[in-house]
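Here's the structure we're looking at; comments come further down.
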Amino acid sequence: MNKIYITDYIENPEIETSILGDQLSHKINDSIEVILVWHEEINKSFIDKLPNLKGIIRYGVGYDNIDLNYAASKNIKVCNTPDYGIDEVSDTATAMILNISRGVSQYNFLSKNLKSDWQENTLKKLRRISECKLGVIGAGRIGGSVLLKSKSLGFQTFFYDPYVSRGHDKMLNSKQINELNDLISLCDVISIHTPLTDETKGMVNKDFIAKMKASSSLVNTARGKIINDIDDFYTPLKTNKLYSLALDVLPDEPPKESKLISAWRKGEKWLGNRLTINPHTAYYSKESFKEMRVKASKNALRFIQGLPPLNEIKSIQIN
């Protein structure tokens, strides 16, 4: 009994209790075999407090707050919950892409200061959606969903993902690009949908931005630290090298004070609502939040029942 423990965030575990019953402990103790984790840092110090720990389950998709190397050295299995909220995140990314393509937020900013002329104040760089090239980096569950939704809206769609099998492009009705730099320089809007790994950490840096097509835009609803430094975007946005930036995730959350964050907070005229920031909430709807908790809890129960857990993270990706 009392072998499963929730480390953080869930204040009322009624969903978890309905599935786990008296297997769920409200206090941490030596008998804990499985932990359900939100943002708690699961490092060596935390793991060593639990001598009987067998499984770590992340409520969400990302697992960069878990020391995978140390868990593996202790024969502790780590799982995530990747099969929830796919529509919510892909819908958010698609909404951001549409907002960029039709200038909705920029027009809202512009309209506040119009006193006489009105309809003539058009954003000259806007193009018909069918002329817009959308590039997705990472064509898995969420990235693939973004490609399918965007294709149905009329975008020309492209993706870069060296880890999908050949023929994946046929399923997504999208063109696969073999080199990342080719995608970066080709597309009008780039949307990122990769996990945070040694390969992708800091991937979006000054060099990446310099290779982007003139007046292009970037959307990130994946992991914040894929962006090296948010101020790398300050000059490209101010000089109109880049058209706009939309982020659900940030390198630091909440954001640390910086030149770009200061301009965003102040609503500076030159920025003109070309930077959209959401507080890492793309995953959320009432339905997805429940789905996440149900699936994580059922997976924890599999550990206790001696069944193979679902969504085990096999590879050690982050040092």
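Under the criterion of Cα pairs below 8 Å and six or more residues apart, the relative contact order for the range 1-54 equals 44 percent. Calculated from the structure at hand, percent of Cα pairs over 34 Å apart is found among (i) 31; (ii) 39; (iii) 21 as (i). Rounded to the nearest 10 degrees, the angle from helix 86-102 to the longest Cα principal axis of the chain is 10 degrees. The listed residues V61, V294 rank as V61, V294 when sorted by accessible area, largest first, using a 1.4 Å probe.
Sort out for me the Cα centre separation of the range 251-294 from the range 189-212, rounded to whole Å. So the two Cα centres are separated by 18 Å.
The values are calculated or read from the model by the stated rules, or taken from the named source; none is laboratory data. The shown structure was predicted, so the numbers you read here are calculated from the model rather than taken from an experiment. What goes into the accessible areas is simple: the full protein's heavy atoms, side chains included, and nothing from ligands, DNA or RNA. Shrake-Rupley method; radii C 1.70, N 1.55, O 1.52, S 1.80 Å.
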